[in-house]
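Below is one structure, written out as structure tokens; comments come after it.
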Amino acid sequence: MDWTWFHRFGSPPHFYRIAGKLIPWCAWLAAISGVAGLIGGLVLAPPDYQQGEGYRIIYVHVPAAVLSTMAYATMATAAGVGLIWRMNVAHAVAASCAGIGASFTFLALVTGSLWGRPMWGTYWQWDPRLTSELVMLFLYLGYMGLRGAIDDTARADRASAVLALVGVINLPIIHYSVDWWNSLHQGHTLLKFGKPSMPPSMLVPLLLAMLAFVLYFAAIVLVRARGEVLRRERNARWIAELLGAPS
Amino acid sequence: MMHWLAMGGYWPYVWPSYLLTLLVLVLNVTFAQRSAQRARMDALRRAQSAAAPQGRS
Amino acid sequence: MSVPAIKGVSPGRAGWLLVQRDLRLGLRRPGEWLQPLIFFFVVTTLFPLATDPELSRLRDMAPGALWVAALLSSLLALELLFREDGQDGTLEQLAVSGLPLPWLLLAKTCVHWLLTGLPLVLAGPLVATALGAPYASIPGVFAALLVGSSALSLIGAVGAALTLGLRRGGVLLALLVLPLAVPVLIFGARATSLAMAQEPMAAPMYLLAAIAVLSATLAPLAAAAAVRISLE
């Protein structure tokens with residue numbers, strides 16, 4: 001197996017250039033699939049036979065929830081790569097994931113509770129998914145807090161990478177324990193979200209919305225990571241050449 | 001149109017969700033661009049001061 | 001406060017020496033490790049004052065009160081774990097000693113648990129009785145706290161190592177450790193409430209033990225990585 005692409009991706013100038021090329025593609029594709037998903041979800045999809053029009057929150061809630069998990073997975077993967085291969089670019093990507101992941105976790109919580117009000121009759125229910133989403137928000141905030149508390153970038157990168165990896169081992173345990181805890185205390189079965197069998201007219205907009213969120217996430221992370229790379233490498237020669245300063 | 005906006009009586013839940021999503025999306029773009037821009041300006045300033053004769057020691 | 005000569009010593013012997021040293025140092029200052037215990041008593045006293053002193057009502061929330069108090073006081077104790085040794089350079093000596101650092105940190109964590117966790121475990125049944133637990137449930141409450149508090153110490157060691165030497169370490173430590181302690185809290189409180197209801201408590205106890213074993217395996221590795229990072 002040829003690993004040169006991996007090492008080349010780890011070289012800051014190369015990453016900076018490739019990311020710059022990828023960003024417009026991600027952004028435009030995200031915008032197109034987002035608009036298509038929005039029209040499909042808000043206008044074309046039929047109302048649900050149980051929840052009426054209220055279920056349309058699914059087109060923002062589920063993608064936000066998916067993204068909150070995906071951002072954590074991306075962050076932990078990048079952190080692990082950065083820790084093992086001492087790759088600065090990977091740390092820059094990990095650092096870029098936290099803020100956006102936290103904001104989408106928050107979004108998933110708020111849209112979930114807005115959905116819960118008409119469906120459960122209450123804004124907050126100690127539902128296992130909402131509870132583990134809340135714990136995940138705390139994990140994100142801890143990660144960002146740790147990063148903010150350490151002044152030295154290299155130390156902040158490595159310490160927060162350890163935390164991200166510890167968190168990624170813990171997330172399944174937390175999710176499982178919250179599930180278990182909830183099944184004991186929930187006497188009656190609640191209305192379940194995310195029915196497995198959805199007609200295509202509902203499912204296709206949902207998939208489009210998820211695709212849009214994922215591409216949007218990629219674009220934002222790349223923009224942020226480019227900034228982080230510049231900040232980490234600010235004294236490097238390639239930056240001076242890149243920015244066209246007289247040398 | 002009004003019928004659509006009413007969302008079958010669910011408008012107080014559906015529309016705030018979508019508005020908040022829009023807000024989160026826009027804010028993330030703004031913050032990301034601002035931080036990238038700041039990093040670029042900082043790097044540019046450093047590159048220029050390094051290139052200037054008195055900057056070299 | 002010198003490190004015993006641990007170079008050229010087998011890891012097992014070094015761990016034992018470190019346990020002896022930490023125990024001796026800790027026992028010399030009982031005020032420090034008694035504070036979390038006193039905190040535990042104070043917090044569990046506050047619960048009846050803030051709610052309803054009727055024993056039958058207290059019994060319902062006793063497991064929750066017990067475990068939240070245990071979690072908070074183990075959190076309070078965590079600052080003692082590495083602070084002193086980080087400041088006087090002992091940790092650095094351990095890191096460069098050539099002995100496996102995760103193993104040494106596991107030894108330190110064990111002593112920390114002996115000094116701050118075990119008193120909570122011993123005091124737990126007493127507090128539970130005051131909160132309305134029947135006498136027959138004492139072995140169960142004791143067992144749950146025994147396993148759970150060791151898991152809490154191990155998980156906390158990672159947080160303590162990550163926040164080593166940071167200025168705003170205290171609050172940050174809580175923010176890092178509390179979410180990770182959620183499973184321990186859930187299974188521990190459940191085991192305690194089953195014990196108080198005189199029902200079989202095997203299921204949550206197995207899960208609690210699984211978490212403790214997993215933490216004993218992985219937490220020292222993560223803590224060692226974090227200590228090395230903080231020393232760079």
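The values are calculated or read from the model by the stated rules, or taken from the named source; none is laboratory data. It should be emphasised that the depicted structure is a prediction, and the values quoted were computed from it without experimental measurement. With ideal geometry, Cβ positions are generated from the backbone for all residues, glycine too; neighbour counts draw on all protein chains shown. Note: areas computed on protein heavy atoms with side chains; ligands, DNA, RNA excluded. Shrake-Rupley method; radii C 1.70, N 1.55, O 1.52, S 1.80 Å.
Details
- Degrees between helix C:169-180 axis and first principal axis of chain C (Cα, 0 to 90, nearest 10): 60 degrees
- Convex hull of Cα atoms in chain C, direction-averaged projection (nm²): 12.4 nm²
- Among the trypsin sites (Lys or Arg not before Pro) in the stretch C:117-199, those placed in a DSSP loop whose Cβ has at most 16 other Cβ atoms within 10 Å are C:167, C:168.
- Modelled FRET efficiency - R0 41 Å, residue C:198 with residue C:32, Cβ distances, 0.05 increments: 0.60
- Placing pseudo-labels 7 Å out from each Cα toward the beta carbon at residue A:120 and residue A:25 gives an inter-label distance of 4.1 nm.
- The magnitude of the dipole of the stretch C:58-184, with charges of +1 and -1 set on the Cβ of Lys/Arg and Asp/Glu and taken from the Cα centre, is near 200 debye.
- Measuring with a 1.4 angstrom probe and ignoring ligands and nucleic acids, residue A:7 comes out at about 110 Å² accessible.
- Between the stretch C:89-126 and the stretch C:185-223, the alpha-carbon center distance in angstrom: 20 Å
- For the stretch A:218-238 versus the stretch A:34-106, the gap between their alpha-carbon centres in whole angstrom: 22 Å
- Crossing angle, helix C:101-112 versus chain C [Cα axis fit, 0-90 degrees, rounded to tens]: 40 degrees
- Think of each Lys and Arg Cβ as +1 and each Asp and Glu Cβ as -1; about the Cα centre, that makes the dipole of the stretch A:14-242 roughly 540 debye.
- Charged-residue dipole, Cβ positions (Lys, Arg, Asp, Glu), the protein assembly as shown about Cα centre, Debye nearest 20: 1540 debye
- The stretch A:14-242: C-alpha gyration tensor shape, a/c 1.5 cut-off, then a/b vs b/c: oblate
- Vicinal HN-Hα couplings computed from phi for the stretch A:44-49 (Karplus, 6.51 cos²θ - 1.76 cosθ + 1.60; Hz; Gly/Pro x): 7, 5, x, x, 6, 6
- Prolate/oblate/rounded label for the protein assembly as shown (Cα gyration tensor, a/c 1.5): oblate
- Solvent-accessible area of chain C (1.4 angstrom probe, protein heavy atoms only): carbon and sulfur portion equals 68 percent.
- Net lengthening on full extension, residue C:213/residue C:52 (0.36 nm per residue, minus Cα-Cα): 54.2 nm
- Between amide H atoms placed 1.01 Å from N, distances below 5 Å from residue C:52 occur with no residue 5 or more places distant or on a separate chain.
- The mean sequence distance of close C-alpha pairs (under 8 Å, at least 6 residues apart), as a share of the length of chain A, puts its relative contact order at 36 percent.
- Relative to the longest principal axis of the Cα atoms of chain B, helix B:11-51 runs at roughly 10 degrees.
- The GNM of chain C, with springs linking C-alpha atoms under 10 angstrom apart, assigns the highest mean-square fluctuation among C:48, C:200, C:63 to C:200.
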